[in-house]
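Asks: Before I ask anything, let me first share the structure, which is written out below as C-alpha cells.
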Amino acid sequence: MYQEEIEALSDSMARVLTDECDSLALHAYMDGKSDLDDQVWKRASELGWMAAALPERFGGMNVGPYGLEALHTALGRRAAPGPFVATLSAAQWLSEIGPEELQAEYLPLIASGQLKVAIPVAVGSGPMLSHTGSTLSGQLDVLGPADAGLIIAPVGSGQTVEAWGLLKPATARVTLSPQEIWDPTREICTLNCVSASMIALLPDPDGNIGRRLQRHVALALAADSLGAASNISAQTIDYLKTRVQFGRPIASFQAIKHRTVDMIASIAMQRHLLAQGVESAAADSPDADMWAALAKAGATEAFAFVSGDCIQLHGGVGHTWEFDPHIYAKRARLNEALAADNRALRDFAANALAAITRQGHSTTELGI
C-alpha cells in the first residue's frame, strides 16, 4: 500500500545515516568526543522522520508500523544513539489510543523533535506506580533520556496494571536519574515521584492498552536488531576477506564459510517474522500482539548470536575498543532485556495461539 513511500524513506535514511553516523562518528561518541545522539535526533526531526508514521493531521505520512520498521532498521544498522525506540513507540501508541486533546498537544511536539518520551523498561511486567486521587508515587526504571518531557508509566497494585499514567518530569516531585549501563547508545533512568500530579490517567482494565504499547516497542526492537545484525555481519564478512592466514584469506576456509552462512540465515529467517508482525500491526489484527512478541524474541536473540559470533570471527581484535563488534554486542544484549523477557513473550504467544485454535480459527484467517 505504501511501498513507494517506504522505499523512498528507507533510501533517504540510509544515505543520511551513512554520512552522519558512520563508524568514526560512532566511536567518537563512545569516547565522549561528540554529541552524536543530539545530532542524529536533530537531523531526524528536520527531515520529518519523527512524524513519518503519524497521521497526516500531525504532519505525518500516515505509514504507521511500516514507516517505523524502516526507521528503526536504518537506525539499528548504524547503532545510532538516541531515544528513538521509546519516543516513537509512545507516539504511535498515543496516536492509536490517546484522547484527542492529548494527541493534539503532544504528537506535534514529538513530530518536530521538541519532545522526548520515557517508557517502562519492562512494559508488560515489573514495578508500577501507585495512585492516590490525582497523584502518583513510586519508583520505576524507564527507557528514555533524563531530559524526557513526558513519561508513560504503569499504575496499579500488586501484579496488576490498572491504568497508564502520563507525567511531566519538570517538577521537584518527579525526577529522572540516569543509570550507568553497558550500552551508551541508549539511556535508562530511574523515575522517582512523590505525590506527583498526573497529566492523564488512562484506565486499562483488560490490559489491551499496555499490550498495544508493548507491541510497538517489540516491533521497534526487532527492526533495530535485524538492521544492526545485518550491518555488523556484513562488516565482519568484509574483514574476513582481507585477513590472511596460511597464505590465503580466511574467508576461503570452509569452517568460516559455514559460520557466516549461519549468521545470514538467522537474520533472513527473522525478517519474515518481523514482516508478519508489522503487517498484523498495520491491520490492527487480533493476532498482532502475538506476532510482535515472537518477532522481538527471535530478532533480539538472532542479533545477540550474530554480534557475538562477529567478535569471534574478528579474532583477538574483535574484543578491542577500536573495532565495532563490541558496540553491537552491547546493544544486542540490551535489546534482549527491553520490553519483556523473551521467554515470557513466547509464553504469551503460545497462549494466544492456543486461544485462537480453541476458537476454531487460524492466524492466517485473522490476518485477512
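Asks: Of all the stretches in the chain, which is the longest one without any exposed loop site, taking trypsin sites (Lys or Arg not before Pro) in a DSSP loop (any state but H, G, I, E, B) with at most 16 other Cβ atoms within 10 Å? Intermediate results must be reported in sequence, preceding the final value.
Replies: Working: sites that count: K33, R173, R243.
No qualifying site falls inside 34-172, the longest such stretch.
Asks: Mean separation of Cα pairs under 8 Å and 6+ residues apart, divided by the residue count of the chain: what relative contact order is that in percent?
Replies: Working: 661 pairs, mean separation 55.4, N = 368.
Over the chain, the number comes to 15 percent.
Asks: Give the lysines whose C-alpha is closer than 19 Å to that of K241, dropping any in the same chain fewer than 8 places away, or say none.
Replies: Of all the lysines, those that pass the test against K241 - Cα under 19 Å, at least 8 places apart if same chain - are K257.
Asks: Taking all protein chains as present, what is the carbon and sulfur share of the accessible area of the chain, in % to the nearest whole number, probe 1.4 Å? The partial results should precede the final answer.
Replies: On the way: 8660 of 16100 Å².
Solvent-exposed carbon and sulfur of the chain make up 54 percent of the total.
Asks: Using only the alpha carbons of region 62-118, determine the length spanned along each of the three principal axes and report them from longest to shortest in whole angstroms.
Replies: Result for region 62-118: principal-axis Cα extents of 36, 21, 17 Å.
Asks: Assuming 0.36 nm per residue, please report the length gained on full extension of the stretch N208 to S130 beyond their Cα-Cα distance. The partial results should precede the final answer.
Replies: Values: separation 78, 0.36 × 78 = 28.08 nm, distance 1.95 nm.
Result: 26.1 nm gained on full extension.
Asks: Taking only the alpha-carbon positions of region 1-152 and ignoring solvent, what does the Debye formula give for the base-10 log of I(q)/I(0) at q = 0.12, 0.13, 0.19 Å⁻¹?
Replies: Log10 of I(q)/I(0), two decimals: -0.54, -0.63, -1.20.
Asks: Using the heavy atoms of the protein chains and a 1.4 angstrom probe, tell me the accessible area per residue for the chain in square angstrom.
Replies: Details: 16100 Å² over 368 residues.
Dividing the accessible area of the chain by its residue count gives 44 Å².
Asks: Could you list, bin by bin from short to long, the percent of Cα-Cα pairs of region 118-203 in 5 Å steps?
Replies: 3, 17, 29, 26, 15, 7, 3, 0
Asks: Then there's this: Would you calculate the separation in nanometres between label points at K33 and H258, each defined as 7 Å from the Cα along the Cα-to-beta-carbon direction?
Replies: Distance between label points: 4.1 nm.
Asks: By how many degrees, between 0 and 90 and to the nearest 10, does the Cα long axis of helix 254-282 differ from the longest principal axis of the chain?
Replies: Once rounded, one gets 20 degrees.
Asks: For the chain, find the longest principal axis of its Cα atoms and tell me its angle to the long axis of helix 84-97, 0 to 90°, nearest 10.
Replies: 40 degrees
Asks: Still on this model: If each residue of separation counts as 0.36 nm, what is the full-extension length gain between T18 and Q245 once their alpha-carbon separation is subtracted? Can you show the working numbers first?
Replies: Working: separation 227, 0.36 × 227 = 81.72 nm, distance 3.11 nm.
Stretched out fully, the T18 to Q245 stretch lengthens by 78.6 nm.
Asks: Summing +1 for each Lys or Arg and -1 for each Asp or Glu, what net charge is found among the other residues whose Cβ lies under 13 Å from the Cβ of F58?
Replies: Numbers: positive: R57; negative: E56, E96, E100, E105.
Neighbourhood net charge equals -3.
Asks: Taking 7 Å along the Cα-to-C-beta vector as the label spot, tell me the E46-D284 distance in nanometres, rounded to one decimal.
Replies: For E46 paired with D284, the spin-label model returns 3.6 nm.
Asks: Next up: Output the Cα-based Rg and Dmax of region 208-365 in Å, rounding Rg to one decimal and Dmax to a whole number.
Replies: 18.1, 63
Asks: Continuing with the same structure: Quick query: amide H of A52 versus all other amide H atoms, modeled in the peptide plane; which residues come in under 5 Å with a sequence gap of 5 or more or a different chain?
Replies: Amide H to amide H, under 5 Å and 5 or more residues apart or across chains, A52 pairs with M61.
Asks: Also, I was wondering about something else. Give the Debye-formula value of log10 I(q)/I(0) at each listed q (0.09, 0.11 Å⁻¹), with one equal scatterer per alpha carbon of the chain, two decimals each.
Replies: Rounded to two decimals, the profile gives -0.50, -0.75.
The values are calculated or read from the model by the stated rules, or taken from the named source; none is laboratory data. Everything numeric here is computed off the predicted structure, so don't read it as measured data. Every residue, glycine as well, gets a Cβ built from its backbone with ideal geometry; the counts of neighbours run over all protein chains shown. Side chains are part of the model used for accessible areas, which takes the heavy atoms of the whole protein and leaves out ligands, DNA and RNA. Shrake-Rupley method; radii C 1.70, N 1.55, O 1.52, S 1.80 Å.
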